[in-house]
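Reviewing the structure listed below.
The values are calculated or read from the model by the stated rules, or taken from the named source; none is laboratory data. All values reported here derive from a predicted model rather than from experimental measurement. We place every Cβ from the backbone using ideal geometry, glycine too, and count neighbours over all the protein chains shown. Only protein heavy atoms, including side chains, enter the accessible area calculation; ligands, DNA and RNA are left aside. Shrake-Rupley method; radii C 1.70, N 1.55, O 1.52, S 1.80 Å.
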Amino acid sequence: MKKLIVNTEIISKWNPCKDRFDNWLKHYKDFDGDAIEFLSLDKITPQDKIWVTLRLLRDDNDLFTLQVFAIDCAFAAAYAAAAAADATAAYTVATAATAYTATATAAADAADAATAAAYAATATAYVAYAAAYADATAASDAASDADAAASDAAADAASATATATAAAERERQIDCLIYLISNRGEL
């Protein structure tokens, strides 16, 4: 099979968006190489590499490679959807655990209040109750802040994980394209 050539003339005929084409011109205006070399360039985003390579394959009428790549992407998407569902379920369980913790804290506070009321007959008991109440309020506020921080941290971790997973998947797709193009006609 003939090599898939990438250069400025070829990319410009597809009318890429201005900022991405400007990036190409800034770094690789004089590049004239094959798709494998193109996929190894470091100043082109994985999304742009995929965009260009799929158009090269389309223009070359290499439907087999496009179909195999599409199937690979579909399997990866199904896996990612399952992983996202698992992450959502884990987040839901963590949120429920936080709610149960808050309920248990409220129940303990109510029990403490009932105990304090029993000792309300003396001034000493009132002082002890006030001190206990202040400690309980401070502890409750700290627990509430910790719950909020834990919830925020869980959301941040989930977002960071999703971003890292998407970036890793794009890199895996580049590897897949390199493999498919390197073995065109042999698969």
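Tell me which of these Ala102 doesn't satisfy, since it passes every other one: (1) in contact with an Asp or Glu (Cβ under 9 Å, 6 or more places away or on another chain); (2) hydrophobic (A, V, I, L, M, F, W, C); (3) at pLDDT 80 or above.
Ala102 satisfies every listed condition except (3).
Could you check how many residues of segment 149-160 are farther than 12 Å from Thr95 by Cβ and either modelled with pLDDT under 70 or not in a helix (DSSP H, G or I) (or both)?
Within segment 149-160, residues that are farther than 12 Å from Thr95 by Cβ and either modelled with pLDDT under 70 or not in a helix (DSSP H, G or I) (or both) number 1.
Where in segment 1-95 are there helices (runs of 4 or more DSSP H), lying fully within it, with 1 or more residues that are within 21 Å of Arg172 (Cα to Cα) and open to solvent by less than 50 Å² (accessible area, probe 1.4 Å)?
35-39, 46-59
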